[in-house]
Amino acid sequence: MARATDPTPDLNSKAPAGHRRGFPVLPTMMVALALPILIGLGLWQVSRLHWKQQVIAEMQAAATLPVLAVSGPIPPKSAFRMADIRLDCPEQLPLAESARNRKGDSGWSTILACTAPGGESAQLMLGWSPVSAGPSTQSVPAERRQVQGVLVPGAHVQWRIYPPVTPPPLQPIQPPTPDTIPNNHRLYAIQWFAFAGILLVIYGLWLRRWVAQRPPAA
């Protein structure tokens, strides 16, 4: 007859009660590598924030300077400054895009593609017309135009010139201002610092759970 075995474990046995895991080196190394990167990106956005604030302050100061007489290349840091400039505008059908006049009314802008004295590409924001008038469909003859207007960096050209006086029946277009330039670097910095904080919290909770689930030492 077979002898029955006792299922009760021998507490005096030197066999390990379970597998004992070592310290989680790989996850810790991954966190140690990712954390400085996230913090570094946040600090970089802080430096970009200060740089953007300085640029906007320079543009705001330029808007208060006397009229700039331009006879050659447009000087650096001339954005949002009033300038007296000669533009060479070839014969063309004016461009049109949605715009607002200085009262805030929606309508169409009439835009001429021109060349500044220094060879820079420029657009003369000739004037605004109401929606009911529709975009201009009349060709404009070639002309060398001496105009005064606010210099604004363009998206597809180097400069846009917004004159405060326009030929009737057009009205002046509301130009952008330095205050309309987006400066989202503060939010970006908060985002990266938040990612770093979330990573630390997740790692801390995971490490706490790992310690709680470790088998006791023999």
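May I ask you to verify whether residue 149 is at pLDDT 95 or above and touching a strand residue (DSSP E or B) at 6+ places or on another chain (Cβ under 8 Å)? Please lay out each step first, then the result.
On the way: at pLDDT 95 or above: yes; touching a strand residue (DSSP E or B) at 6+ places or on another chain (Cβ under 8 Å): yes.
Here the answer is yes, as residue 149 does meet what is asked.
To keep it simple, each residue is scored yes or no on (1) of a type outside the set (Val, Ile, Thr); (2) in contact with a Gly (Cβ under 8 Å, 6 or more places away or on another chain); (3) assigned to a strand (DSSP E or B); (4) more than 15 Å from residue 138 (Cβ to Cβ).
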site	(1), (2), (3), (4)
88	yes, no, yes, yes
99	yes, yes, yes, yes
108	yes, yes, yes, no
112	yes, no, yes, no
117	yes, yes, no, yes
123	yes, yes, yes, yes
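Being surrounded by fewer than 12 Cβ atoms within 10 Å (Cβ to Cβ), among the aliphatic types (A, V, I, L, M) and modelled with pLDDT of 95 or more narrows it down to one residue among 34, 69, 15; which is it?
Numbers: 34 fails: surrounded by fewer than 12 Cβ atoms within 10 Å (Cβ to Cβ); 15 fails: modelled with pLDDT of 95 or more.
Matching residue, one of 34, 69, 15: 69.
Here is a yes/no grid of residues against (1) without any contact (Cβ under 8 Å) to a residue 60 or more places away in the chain; (2) on the phi > 0 side of the Ramachandran plot; (3) exposed (fewer than 11 other Cβ atoms within 10 Å of the Cβ):
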{"site": "113", "(1), (2), (3)": "yes, no, no"}
{"site": "153", "(1), (2), (3)": "no, no, no"}
{"site": "156", "(1), (2), (3)": "yes, no, yes"}
{"site": "167", "(1), (2), (3)": "yes, no, yes"}
{"site": "188", "(1), (2), (3)": "no, no, no"}
{"site": "201", "(1), (2), (3)": "yes, no, yes"}
Of everything in segment 123-146 that's surrounded by fewer than 20 Cβ atoms within 10 Å (Cβ to Cβ) and of a type in the set (A, V, I, L, M), which residue is nearest to residue 74 (Cα to Cα)? 142
Which members of segment 147-175 meet the condition of being part of a loop (DSSP other than H, G, I, E, B) and aliphatic (A, V, I, L, M)? 155, 157, 165, 170
Which numbered condition residue 39 fails, given (1) at pLDDT 95 or above; (2) touching a helix residue (DSSP H, G or I) at 6+ places or on another chain (Cβ under 9 Å); (3) closer than 30 Å to residue 146 by Cα: (3)
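The values are calculated or read from the model by the stated rules, or taken from the named source; none is laboratory data. The shown structure was predicted, so the numbers you read here are calculated from the model rather than taken from an experiment. Methodologically, a virtual Cβ is constructed for each residue, glycine included, from the backbone with ideal geometry; neighbour enumeration extends over all protein chains shown.
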